[in-house]
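A.B. asks: Have a look at this one before I ask anything.
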Amino acid sequence: MIRCIAVVLACLLLAGFSSWPGLSSTLAANLVAPAGASPLLPAARIEAAYARLPDRSGTVTTSEGVPVFWRALDPGDYRMDYAWTRDAGDAHAVSFELDFQTPATPAPTPRGTVLLLHGWMMDGGSLLPWALALGQAGYRTIALDLRNHGRSGSGPSGYGTREAGDVVDAVAALRARGEIVGPLHVFGVSYGAATALFAAADPRLGASHVVALESFDNAGAAIRDMVPHMLEEDAGPLRERLTRRWLRWRIDGGVVDAAIARAGETLALPLDAVDVGAALADVTDACVLLVHGTADRHVPVSHGRALAAAVPQARYLEIAGEDHLSLPMRLDRLAPTVVDWFDAPACPRSALAAR
């Protein structure tokens with residue numbers, strides 16, 4: 001999210017919109033709705049991969065009138081070959097290599113269904129490696145494009161609050177179509193993780209287990225943490241580096257606070273009041289696993305620790321050395337844990353902190 005905010009800010013700044021109100025307004029606009037898709041999303045590669053898979057897709061309309069796109073993948077022997085890489089010269093240059101086999105036999109009966117919820121400026125296809133890994137473990141997966149993302153329709157962003165209502169409505173419609181088989185589990189990343197926790201607080205969702213990777217604790221606090229981190233980075237092309245240095249001089253806490261306030265007014269949703277911890281405390285029917293990387297500076301690990309401290313009945317796992325971009329890509333480290341979590345017949349009684 002923040003890299004794309006920086007690009008938009010840079011364009012306006014270089015075009016002459018360098019006043020304090022201009023920067024605040026531009027940042028606010030990018031907090032209200034995503035500015036397109038992330039440059040980290042390899043959409044063409046993902047669609048080419050799905051063309052080889054026996055997936056199903058469709059659209060359901062929520063009670064707010066938002067069309068939500070879904071795509072289901074059944075369990076099977078995909079023989080996935082996956083690896084991720086990072087360019088040492090650019091912290092944002094993260095990519096993955098993925099290959100798989102189309103199953104030669106009919107899909108077995110799913111042992112359960114996992115709902116996949118993506119991050120800001122991504123879409124459901126960005127979680128294809130997770131869909132395949134969970135499919136190999138016997139689960140049907142259903143990836144949603146959240147409102148304002150991918151093939152879904154638009155609506156006021158809610159930083160997980162309004163999106164959770166879309167998720168509950170979509171699940172009800174998919175249950176009626178027979179797409180939800182067995183226990184329902186939810187897997188979310190970042191903005192999708194916050195959405196998962198808000199949705200799980202609604203008993204209508206009927207989720208059994210939830211895995212929330214790198215969720216923020218409070219939306220306003222997360223934005224205040226991300227913007228300075230983005231400006232501190234000194235990697236990438238020369239123009240981006242020079243622009244960030246200029247923006248470090250122009251953007252201070254007052255600009256960010258004003259942007260957060262303006263975005264909240266536009267959305268009729270004070271971003272400092274988007275409290276994921278309060279929603280997590282209301283989750284009574286699902287077993288929740290929180291996961292955060294210790295090197296995360298976009299949404300610092302303090303957010304994960306705050307969520308874990310607020311709700312001791314949730315399990316909490318810290319992954320040493322992983323940041324906001326690398327953590328969701330570490331299927332080698334996380335997939336066995338996630339599968340074990342969804343397989344667990346009951347909720348654990350104590351918190352877990354692994355470093």
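A.B. asks: Using packing as a proxy for protection, rank 184-192, 153-161 so that the peptide with the highest average count of other Cβ atoms within 10 Å comes first.
C.D. replies: On the way: 184-192: 27.4, 153-161: 20.7.
Most protected by this proxy first, the peptides run 184-192, 153-161.
A.B. asks: Between rounded, prolate and oblate, where does segment 80-228 land on the alpha carbon gyration tensor, with a ≥ b ≥ c its root eigenvalues, rounded for a/c under 1.5, else prolate if a/b exceeds b/c?
C.D. replies: Working: a/c = 2.02, a/b = 1.09, b/c = 1.85.
It comes out oblate by the Cα gyration axes.
A.B. asks: Where does each of 120-131, 100-111, 336-347, 300-311 land if you order them by average Cβ count within 10 Å, highest first?
C.D. replies: Details: 120-131: 24.5, 100-111: 12.9, 336-347: 15.1, 300-311: 19.7.
So the peptides 120-131, 100-111, 336-347, 300-311, ranked by packing, come out 120-131, 300-311, 336-347, 100-111.
A.B. asks: Please work out how much length the chain gains when fully extended from residue 96 to residue 313, using 0.36 nm per residue of separation minus the C-alpha to C-alpha distance, in nm with one decimal.
C.D. replies: On the way: separation 217, 0.36 × 217 = 78.12 nm, distance 3.44 nm.
Between residue 96 and residue 313, full extension yields an extra 74.7 nm.
A.B. asks: Count the net charge of all other residues whose Cβ sits under 13 Å from the Cβ of residue 214, scoring Lys and Arg as +1 and Asp and Glu as -1. Let's see the in-between values first.
C.D. replies: Values: positive: 297, 305, 330; negative: 217, 225, 296, 318, 322, 323.
So the surrounding residues net to -3.
A.B. asks: Gain in length, residue 273 to residue 176, computed as 0.36 nm per residue apart minus the alpha-carbon separation, to one decimal in nm? It would help to have the intermediate numbers written out before the result.
C.D. replies: Details: separation 97, 0.36 × 97 = 34.92 nm, distance 3.39 nm.
Roughly 31.5 nm would be gained on extension.
No lab work stands behind these numbers, since they all come straight from the coordinates. This one's a predicted model, so the numbers in the text were calculated from it and none came from an experiment. Every residue, glycine among them, receives a Cβ derived from its backbone with ideal geometry; neighbour counts consider all protein chains shown.
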